[in-house]
1. So which residues in segment 166-182 are touching a Ser or Thr at 6+ places or on another chain (Cβ under 9 Å), outside any loop (DSSP other than H, G, I, E, B) and farther than 16 Å from F88 by Cα, if there are any at all?
2. Filter segment 136-165 for residues that are outside any strand (DSSP E or B) and in contact with a Leu (Cβ under 9 Å, 6 or more places away or on another chain) and give the result.
3. Test each condition in (1) of a type in the set (G, A, S); (2) under 18 Å from the mean Cα position of the chain (by Cα); (3) farther than 21 Å from R38 by Cβ for G136 and report the one that comes out false.
4. Is it the case that some residue within segment 121-135 is assigned to a strand (DSSP E or B) and of a type in the set (D, E, K, R)?
5. Could you go through segment 42-52 and let me know if any residue there is loosely packed, with under 14 Cβ neighbours inside 10 Å and at pLDDT below 90.
6. Determine whether segment 165-184 contains at least one residue that is surrounded by fewer than 16 Cβ atoms within 10 Å (Cβ to Cβ), closer than 20 Å to Y41 by Cβ and acidic (D, E).
7. Any residue at all in segment 92-103 that is surrounded by 16 or more Cβ atoms within 10 Å (Cβ to Cβ), modelled with pLDDT under 95, aliphatic (A, V, I, L, M) and out of contact with any Pro (no Cβ under 6 Å at 6 or more places or on another chain)?
8. Consider K135 carefully, then state whether it is under 16 Å from L49 (Cα atoms), surrounded by fewer than 16 Cβ atoms within 10 Å (Cβ to Cβ) and modelled with pLDDT under 85.
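The values are calculated or read from the model by the stated rules, or taken from the named source; none is laboratory data. As the structure is a prediction and not an experimental result, all values here were calculated from the model. Here the Cβ positions follow ideal geometry from the backbone for every residue, glycine too, while neighbour counts run over all protein chains shown.
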Amino acid sequence: MLKKIKNLLYCLNRRYGMKKILFVLLFLLSLSSVANARIIYNLGYGFGLLNTGNGFSKLDEQYYDYYKASVDFEHFYSKNFSLIAEPFVAYVNRPTSGVSFGVSGLLRYYFLNEATFRTFADGGLGVSYNTLKYKGQASKYLFMPQVGLGVEFNVGKSTKMFIEDRFIHMSYASLKEPNGAVNSNTLMIGISF
């Protein structure tokens, strides 16, 4: 069975390319997560450093910051484990202004369940299109691996507040050169009714 899956992925990659396959998979993931999902509205502020070299070793003196709005479609598979489709838009303030938008697929695990709050860790991968063009990036399409920690609070009968800190690495995944990156930290506040 594993060999058949590997052969299928190899054939799809040769015919369509991995980038197209990833976009289709994330789109299907977002559709499947919307049905019967808990909806969370988020606002956030992200800040980081622009890295025009390969890897994490060369950080430039350019700051990068943005304001982010997203909607999480969270589908629970158990009491503590959920899958999230997160379409987002971000206004980039520095080093130049512009817009970034895309979708992320995240796995979330709630690891501390108390009467009035729950803590969670999440991680996943996103893709985005960026209207900005940096000399250190080969494409306006970026991949976004990300991990975060957060807290969910009960603020009403069915109303929940969320606070999360998420690390996001945005780059072209070394598919083309140059492969500049942005390493950012995003603070987000969300609400679910």
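1. Passing the criteria: N179, A181, V182.
2. Passing the criteria: G136, A138, S139, K140.
3. Going through (1) of a type in the set (G, A, S); (2) under 18 Å from the mean Cα position of the chain (by Cα); (3) farther than 21 Å from R38 by Cβ one by one, G136 breaks only (2).
4. Checked against the condition, which is being assigned to a strand (DSSP E or B) and of a type in the set (D, E, K, R), segment 121-135 yields at least one hit.
5. No, segment 42-52 has no match at all.
6. Yes - at least one qualifying residue is present in segment 165-184.
7. Yes: one or more hits.
8. Judged against the criteria, K135 is a match.
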